[in-house]
Amino acid sequence: MPWRISSAMSERHEFVLMASQPEANIRALCRRFGISSRTGYKWLQRFSDAGVAGLAERSRQPGHSPSRTPALMEQRVVQLRQQHPAWGGRKLQRRLQDLGYTAVPSASTITAILQRHQLLKVAESEKHRAWQRFEHPSPNDLWQMDFKGEFVLLQGGRCFPLTIIDDHSRFALGLHACGRVITATTQAVLVDVFRRYGLPRRITCDNGPPWGIQNSKYTKLSVWLLRLGISVSHSRPHHPQTQGKDERFHRTLAAEVLRYLQPENLTVCQQRFDQWRQVYNNERPHEALGLKVPATCYQPSSRVYPETLPALEYGPADIVKRVHGRGHIKYKGQEFYLSMAFAGQQIALRFTTTEGLLEVYFAQHRIGTINLK
């Protein structure tokens, strides 16, 4: 079967990086990528034999020679920096090593080469100091999702880049050029991502649309996610550091892509995003990962996306109520408002040890309490 992402080369690269990890389920990964196990093992063997160059067609020549002189190595450093103007000495060193070069200069020597060729600005390098932050212990424990600030397209309209990052591995699960910030667009992007990478345990996002509205943290989008068994959390208002990894990803996106982009239309934007995402995931050494690339730290989720929403199931002791169109329920002659996002859905009331206090559940998620007193 054909490879499906932006190019066969980038798809093969992402596959072999994930499949090369300890305890990777290679046959499951082959199903995720829509290829046969025979094809998967073939590319794994070629990657083992020749590295990234082995993933190209057989007629292509290797990208390096072990007999290169220091002058040629310096030329390669300059070329790599010109391809990736935002990368510093440590990233360039690790990338050269990953490409199979021997006798790679130290990071400080590479920095000196950049300075000698006037490719390094002190003010620019100050912006790329590493951040220290907490990370979740496993892939898919938490995804961070947000829209990067929009920009105007030359042929009319606007582009709103939607970004989705795995908290543990910094793997960019999605980078999509969207024409509008609406539920339908966001949900369509998430379906594609879920089909490829499975379901996370939790997604965090900010408080604006389409995942938040005034006076309520629940929207039709978040209710859909809850039905899928995904917890939804929101960043604190005016505290972007709550989604620090996605904010940092936005800075990298701006430095390496947006500043050079000529945004004619959404198609051009998406093509450029696809090209850069495979570089970010499969080639770009990441400081927070000890200069490993994100794809070597990520594995798809074992929770497969269901094409049909699972039925709501509650226990025999639960008091099941249907939410009315205005977002409220009736119980014991009283009305209690939940959110219009739950209109038409069934929720469950559960008694607590406090008299008159009931917990409200939607699927397996606790969404609030009501006090009969």
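The values are calculated or read from the model by the stated rules, or taken from the named source; none is laboratory data. What you see is a predicted model; the values in this text were computed from it and never measured. Every residue, glycine as well, gets a Cβ built from its backbone with ideal geometry; the counts of neighbours run over all protein chains shown.
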Check whether at least one residue in the stretch 164-181 is surrounded by fewer than 17 Cβ atoms within 10 Å (Cβ to Cβ) and of a type outside the set (Val, Ile, Thr), and report yes or no.
yes
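Here is a yes/no grid of residues against (1) farther than 17 Å from Thr163 by Cα; (2) modelled with pLDDT of 95 or more; (3) not in a loop (DSSP other than H, G, I, E, B):
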site	(1), (2), (3)
His238	yes, no, no
Thr242	no, no, yes
Phe249	no, no, yes
Ala254	no, no, yes
Glu264	yes, no, no
Arg277	no, yes, yes
Asn281	no, yes, yes
So which pairs qualify, if the first residue must be in the stretch 80-91 and touching a residue at least 40 places away in the same chain (Cβ under 8 Å), the second must be among the hydroxyl-bearing types (Ser, Thr, Tyr), the Cβ gap must be under 9 Å, and the two must be at least 6 apart or on different chains?
Pro85/Tyr260; Ala86/Thr252; Gly88/Thr111; Gly88/Ser125; Arg90/Thr111
Conditions first: (1) touching a helix residue (DSSP H, G or I) at 6+ places or on another chain (Cβ under 8 Å); (2) not in a strand (DSSP E or B). Arg195 passes all but one, so which condition is the exception?
(1)
Does Lys330 satisfy the condition of being among the basic types (Lys, Arg) and crowded, with 17+ Cβ neighbours inside 10 Å?
no
Filter the stretch 96-119 down to residues that are touching a residue at least 24 places away in the same chain (Cβ under 8 Å) and part of a loop (DSSP other than H, G, I, E, B), then give me how many there are.
9
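Take the conditions of a type in the set (Gly, Ala, Ser), closer than 27 Å to Ala288 by Cβ, modelled with pLDDT of 95 or more and under 16 Å from the mean Cα position of the chain (by Cα) and apply them to Ala188. Does it pass? It would help to see each step written out before you state the result.
Values: of a type in the set (Gly, Ala, Ser): yes; closer than 27 Å to Ala288 by Cβ: no; modelled with pLDDT of 95 or more: yes; under 16 Å from the mean Cα position of the chain (by Cα): yes.
No; evaluated as a whole, the condition is false for this residue.
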Among the candidates Arg68, Arg94, Arg76, residue that is at pLDDT 85 or above, surrounded by 14 or more Cβ atoms within 10 Å (Cβ to Cβ) and in contact with a helix residue (DSSP H, G or I) (Cβ under 8 Å, 6 or more places away or on another chain)
Arg76
